[in-house]
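Some notes on the structure that comes next.
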Amino acid sequence: MILILGLLVLGTGAAAELQCTVIPGNLKQVDAGNGEVYGVNFNDDIFKWEGNDWKQIPGKLIHVTVGAAGVWGVNKENIIFKLQGNTWMSVSGRLKQIDAGGDKFLSGANGADAIFCLNQDQTLSGSAALAYTHIDGSLKYYSCGLYGCWGANYLNNIYYRHDVRANACLGSRWQQIEGSLVMVEVAADGSVYGVNSEGNVYKREGISATNPIGTSWTRLDFCGTFRHVSYDQGNLWLITNNGDIYKCKVNGSAVPTL
């Protein structure tokens, strides 16, 4: 089924068009990056999008991520795994949410909302014993991309981390960004999308190398509510509250010019 949905730029009246396809299957979380898409369902089963269908991957995870740093995930005990070939390798550390979208470095939050990252040399080491960098602050969701890292805390406040680099993932300082989001995802090209507590989906406008925090939020005017969003290579992946999956081709002004 193909749906045509509008994207309204709040406060401007400008609009762009999203062509959305209902994808078979049911997921609670999805992550798109590096030209690949992975997801997990409510039974913690793992799936990879191949061709026009989902291929189940052995194992159980509550959160999976794919990006330049590879394919990683965490299970219900918060044990961290890295996909090595066709095998999940458990590594040191504990996280509840994980993100591989940085420049071959990893980031995430643990069960106490403490924030950690792995520099590029660690993610590429192939070792199971990893040296994490602890980042000050408290977030329930933390995601990185081309122009830095974004997160949301337990109050749904939004923060941007300045001066994050591949081998200096600690960064330098936080800047609070206006708005309220339950989760925020940063794409490899720097695009930022998020979902608020009411299930509305937002995109950050005006992001560039010289202005990595952008200028404003755009609400995507969908008929329905969502729990998760991810973006990669012109495709927006959306998960509804009951697990339905949408793949939307982003056209026109909905794609940031970077």
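Coordinate-derived values only; no laboratory data. None of these values were measured; they are calculated from a predicted model. When we count neighbours, we look across all protein chains shown, and the Cβ atoms used for this are built from the backbone with ideal geometry, even at glycine.
Rank these for me by crowding, Cys20, Cys169, going from fewest to most other beta carbons within 10 Å.
Cys20, Cys169
From the backbone phi of the range 168-182, what are the Karplus-calculated ³J(HN,Hα) couplings (6.51 cos²θ - 1.76 cosθ + 1.60, θ = phi - 60°) in whole Hz, Gly and Pro given as x?
Per residue, the Karplus-derived 3J(HN,Hα) values read 8, 5, 4, x, 10, 6, 9, 10, 6, 10, 4, x, 8, 9, 7 Hz.
If we sort 202-214, 88-100, 42-54 on the protection proxy, mean other Cβ atoms within 10 Å, highest first, what's the order?
Going from most to least packed, we get 88-100, 202-214, 42-54.
Which of the following values of log10 I(q)/I(0) by the Debye sum over Cα atoms at q = 0.07, 0.14, 0.16 Å⁻¹ was calculated from the structure shown: [x] -0.28, -1.09, -1.32; [y] -0.30, -0.99, -1.19; [z] -0.21, -0.89, -1.18?
So the calculated entry is the one marked [z].
Can you find, among Ser125, Ser172, Asn241, the residue sitting farthest towards the positive end of the charge dipole of the chain, where Lys and Arg contribute +1 and Asp and Glu -1 at Cβ?
Toward the positive end, the furthest listed residue is Ser125.
Looking at this model, which pairs from Lys28/Lys48; Lys48/Lys82; Lys28/Lys203; Lys60/Lys104; Lys55/Lys140 are more than 18 angstrom apart at the alpha-carbon?
Details: Lys28/Lys48 14 Å; Lys48/Lys82 15 Å; Lys28/Lys203 20 Å; Lys60/Lys104 24 Å; Lys55/Lys140 29 Å.
Violating the 18 Å Cα-Cα cut-off are Lys28/Lys203; Lys60/Lys104; Lys55/Lys140.
Before rounding to the nearest 500, sum -39500 (n - 2.57) across all DSSP H runs of length at least 4 in the chain and divide by the residue total; then give [θ] at 222 nm in deg cm²/dmol.
So the calculated ellipticity at 222 nm is 0 deg cm²/dmol.
With the contact rule set at Cα under 8 Å and sequence spacing of 6 or more, what percent relative contact order holds for the range 2-254? Mind dumping the intermediate values first?
On the way: 746 pairs, mean separation 47.1, N = 253.
RCO, the range 2-254: 19 percent.
Wrap a convex hull around the Cα atoms of the range 105-258, take a quarter of its surface area, and give that in square nanometres. Write down the numbers at each step before the final one.
Details: hull surface 38.2 nm².
Its Cα hull, projected and averaged over all orientations, spans 9.5 nm².
Strictly under 4.7 angstrom between C-beta atoms: which cysteines of the chain have no such partner?
Cysteines of the chain left without a disulfide-compatible partner: Cys223.
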